[in-house]
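Peer 1: The structure's right below; bear with me while I get my questions together.
The values are calculated or read from the model by the stated rules, or taken from the named source; none is laboratory data. All values reported here derive from a predicted model rather than from experimental measurement. Heads up, the Cβs are rebuilt from the backbone with ideal geometry, glycines too, and the neighbour counts pull from every protein chain shown.
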Amino acid sequence: MKLSIDLLNNLIDITSNSAIACFPYIGKNEKILADKSATDVMRDMLNKLNINGEVVIGEGELDEAPMLYIGEKLGKGKGPNIDIAVDPVEGTNFVAKNLPGAMSVLAVSEKGNLFNAPETYMEKIAVGNHVPKDTIDLDFSVEKNIKNYSNATSKNPNEITVCILDRPRHKKIISELIRLNVNIKYISDGDISGALLVSDKKFGVDLFMGTGGGPEGVIAAAALDNLNCKFQGRFIFNSNKDKIRANKMGIIDLNKKYEINEIVKGESIFCATGITSGELMNGIIKKDDIFITETIVGYNRSSLKLVKKEISIT
């Protein structure tokens with residue numbers, strides 16, 4: 001079973017309309033309302049599709065509705081069996097404060113091909129497709145990763161840029177990067193988009209590293225897989241509750257390092273529509289009763305494509 005162009009077009013419509021649902025809340029300091037509005041639209045539109053879908057990457061558990069929860073069934077119950085990863089609003093704080101980079105995200109694969117990730121943290125590292133796959137590795141030190149990348153690209157460390165979430169937990173990594181005279185691009189949120197910056201030289205980011213959300217890591221992997229980029233992830237289970245839940249989801253080796261082809265095992269579709277303008281795409285533009293959206297799409301292991309739509313909302 002192949003993921004169809006019709007399904008791709010439907011997903012673009014869904015993320016576009018979910019993004020538009022956030023428009024009234026941009027800059028209004030109402031991140032919860034923005035997230036709920038996008039979630040409601042995404043759920044409603046997914047349920048109208050001729051699919052037998054299940055959320056494997058979601059925002060919460062069954063008792064945390066109205067969020068799209070892990071295990072939720074979506075679609076009309078007929079048609080292809082697919083796994084669904086959702087992030088109706090990546091960067092809720094960006095929406096609330098009208099900051100760059102908020103987006104509405106969906107990724108899908110054939111049933112069983114998208115990793116069922118728990119809501120816990122994940123160590124991550126990503127690099128573009130212009131260097132050999134063994135150049136970087138989660139098990140390497142920061143210094144070895146930088147030196148390997150430097151050797152592979154003939155770039156000096158002071159010409160290399162690493163994207164990382166600006167968090168206290170990254171103090172050691174950041175100190176090492178500073179010692180090595182590497183340029184650092186700090187992001188305050190949104191590590192899906194942060195990871196995607198390695199996908200094209202025009203973004204000026206060479207590597208992405210650090211610890212962020214596990215579900216976001218799986219979604220980023222779905223996009224990067226379509227671009228033949230390198231991504232590795234390792235979940236962090238700090239509590240017994242997290243460990244028990246991981247075991248129930250089929251994760252036996254809690255220290256396992258996952259390669260991208262273990263996170264996304266086959267063909268996938270990735271769609272992300274801008275809510276507020278960022279480096280990847282423009283945000284929502286409203287002209288009279290028309291909303292103009294931009295969506296980046298990864299499909300069939302080709303380059304990310306930018307799709308513009310005009311949607312009339314009455």
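Peer 1: Return the only residue of Ile12, Ile51, Ile20 being in the same structural domain as Thr273 (by TED's automatic domain parsing), in contact with a strand residue (DSSP E or B) (Cβ under 6 Å, 6 or more places away or on another chain) and closer than 14 Å to Gly75 by Cβ.
Peer 2: Ile51
Peer 1: Can I ask one more? Do you know which residues across segment 100-120 are hydroxyl-bearing (Ser, Thr, Tyr) and either in a loop (DSSP other than H, G, I, E, B) or assigned by TED's automatic domain parsing to the domain that holds Asn240 (or both)?
Peer 2: Selection gives Thr120 alone.
Peer 1: How many residues does segment 115-172 hold that are hydroxyl-bearing (Ser, Thr, Tyr) and under 29 Å from Asp242 (Cα atoms)?
Peer 2: Qualifying residue count for the region: 3.
Peer 1: In addition: Provide a single number: the residues in segment 65-99 that are modelled with pLDDT of 95 or more, in contact with a helix residue (DSSP H, G or I) (Cβ under 9 Å, 6 or more places away or on another chain) and assigned to a loop (DSSP other than H, G, I, E, B).
Peer 2: Looking only at that region, the number is 2.
Peer 1: Within segment 62-69, is even one residue among the acidic types (Asp, Glu), surrounded by fewer than 18 Cβ atoms within 10 Å (Cβ to Cβ) and assigned by TED's automatic domain parsing to the domain that holds Leu33?
Peer 2: yes
Peer 1: Restricting the first residue to segment 1-24 and requiring it to be within 24 Å of Leu99 (Cβ to Cβ), which pairs with a second residue that is part of a loop (DSSP other than H, G, I, E, B) and at pLDDT below 95 meet a Cβ separation below 7 Å and a spacing of at least six or different chains?
Peer 2: These pairs meet every condition: Ile20/Ile313.
Peer 1: Filter segment 14-38 for residues that are among the hydroxyl-bearing types (Ser, Thr, Tyr) and surrounded by fewer than 23 Cβ atoms within 10 Å (Cβ to Cβ) and give the result.
Peer 2: If the condition is that a residue be among the hydroxyl-bearing types (Ser, Thr, Tyr) and surrounded by fewer than 23 Cβ atoms within 10 Å (Cβ to Cβ), then Ser37 is the only one that fits.
Peer 1: Could you please find all residues in segment 121-138 being free of Cβ contacts under 8 Å to residues at least 60 places away in the same chain and assigned to a loop (DSSP other than H, G, I, E, B)?
Peer 2: Across segment 121-138, the qualifying residue is only Pro132.
Peer 1: When you go through Asp242, Asp289 one by one, which is the residue that is touching a residue at least 12 places away in the same chain (Cβ under 8 Å), over 26 Å from Lys97 (Cβ atoms), surrounded by fewer than 22 Cβ atoms within 10 Å (Cβ to Cβ) and not assigned by TED's automatic domain parsing to the domain that holds Ile187? So that I can check it myself, show each step before the final result.
Peer 2: Values: Asp242 fails: not assigned by TED's automatic domain parsing to the domain that holds Ile187.
The unique qualifying residue is Asp289.
Peer 1: Another question about this same structure. Could you count how many residues in segment 144-177 are touching a Leu at 6+ places or on another chain (Cβ under 6 Å) and surrounded by fewer than 19 Cβ atoms within 10 Å (Cβ to Cβ)?
Peer 2: At the first step, the residues of segment 144-177 found to be touching a Leu at 6+ places or on another chain (Cβ under 6 Å) are 146, 157, 162-163.
Still in the list and also surrounded by fewer than 19 Cβ atoms within 10 Å (Cβ to Cβ): 157.
Total satisfying the criteria: 1.
Peer 1: While we're looking at this one, here's another question. Can you pull out the helices (runs of 4 or more DSSP H) entirely within segment 139-234 that have at least 1 residues that are over 24 Å from Lys256 (Cα atoms), polar (S, T, N, Q) and in contact with a strand residue (DSSP E or B) (Cβ under 9 Å, 6 or more places away or on another chain)?
Peer 2: 191-196
Peer 1: Considering Glu119, Glu143, Glu176, Glu123, which residue is modelled with pLDDT under 95 and under 24 Å from Asn255 (Cβ atoms)?
Peer 2: Exactly one residue qualifies, and that residue is Glu119.
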